[in-house]
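What follows is one structure encoded as structure tokens, with my remarks underneath.
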Amino acid sequence: MKTFKYLCFIILCPFFIQSCEVENLENNNTPRLDFMSNNYVLAVEEASNSDITRFFTFEMNEVKNNTEPYELLSEESLFTNSDPSTSAGHQSIGKYFFAMAKDKKGMSSTPGIYRLSLNMSNRVFIDESLNLRKNNLFPSRKLCIVDRNLGFYYNEGLSPQSVYMFNPYTMNTTGSIDLKEAIMNFRPDAKWLDESGNNMVRTGSLVLDEKERKLYVSIVFLETVGFNIIADSETNFYLAVIDIETKKVEKIISYPNTRTVGFFVSENNPTTKDESGDMYFCS
């Protein structure tokens, strides 16, 4: 059985989308089981749209040879549009992909793990979700999918120095890994809370990735919570290495002259792995 392919573009060519309201989208939550055709999903983010992302399902064989722009909304015979009111998402497995924020008509985004799939009408819909507590203006949007049975996420509002384990196919939380003791041993003088009681030490908010059954988790020591500002005095980037089987922190690595990696509200991974298994960071 084929699964669908997920594509995400911020700037899109040769496709083109004109700003207008999408209407008459049915509320069909019956999932597709057959993905032999119409198994590509294009995610388009546009500033003029009051929601976050618009999705278009299409058959690659019908568009792959085209070299002219498409006006996506008017090409209904080629592109099936949908607007489940989520962020674009950048993690996928099997017949699902995952978004980390939900918005509706310009309201403040709601953090969570929103599992998306296609319904019988080839439209993207929220299949299942896990709630995340929002206690930060800019909650983390990092997610790590290892396989169909294991994934990891950060839920700062519930436990600010832990990462949580979940099953992507059952959408159940299956455990957690607490990093606080390891961080205390690594930096005994760490400032854990500001004067208002806000968390100042975040785990997995920038990097959350797996390689060879080791989980790599960023540790960030904040100076200001409001915009996740890291102090100028911090000249290193810190990464915890956790053995997944034992759930133990093996070590914390310091990378000199690198204060941060990636971007704190992005769902894009700031890490990638090559064919030999080496991991690279975007800074």
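Taking only protein heavy atoms and a 1.4 Å probe, the accessible area of segment 122-245 is 44% carbon and sulfur.
Using DSSP to define loop residues, name the GluC sites (Glu not before Pro) in segment 151-232 whose beta-carbon has at most 12 other beta-carbon atoms within 10 Å. Hits after loop and neighbour filter: Glu195, Glu212. Hydrodynamic radius of segment 130-283 by the Kirkwood approach over all distinct alpha-carbon pairs: 15.7 Å. Amide H contacts of Asn155: Tyr164, each under 5 Å away and 5 or more positions distant or on a separate chain (H built 1.01 Å from N in the peptide plane; Pro and chain starts excluded).
Label separation (Ser283 vs Asn131): 3.9 nm, computed from points 7 Å beyond Cα along the C-beta direction. In a fully extended conformation the segment linking Glu59 and Asn185 would gain 40.0 nm over its present Cα-Cα distance, using 0.36 nm per residue.
Each Lys and Arg Cβ is given +1 and each Asp and Glu Cβ -1; about its Cα centre, segment 68-160 then shows a dipole of about 560 debye. Binning the C-alpha pair distances of segment 186-235 at 5 Å intervals from 0 yields a P(r) profile of 5, 18, 25, 24, 14, 9, 5, 1, 0 %, listed from the shortest bin outward.
The values are calculated or read from the model by the stated rules, or taken from the named source; none is laboratory data. Bear in mind that the values here come from a model prediction, so they are computed numbers and not experimental data. Glycine also receives a Cβ, built like all others from the backbone with ideal geometry; neighbour counts cover every protein chain displayed. Protein only, heavy atoms only, side chains kept; ligands, DNA and RNA dropped before computing areas. Shrake-Rupley method; radii C 1.70, N 1.55, O 1.52, S 1.80 Å.
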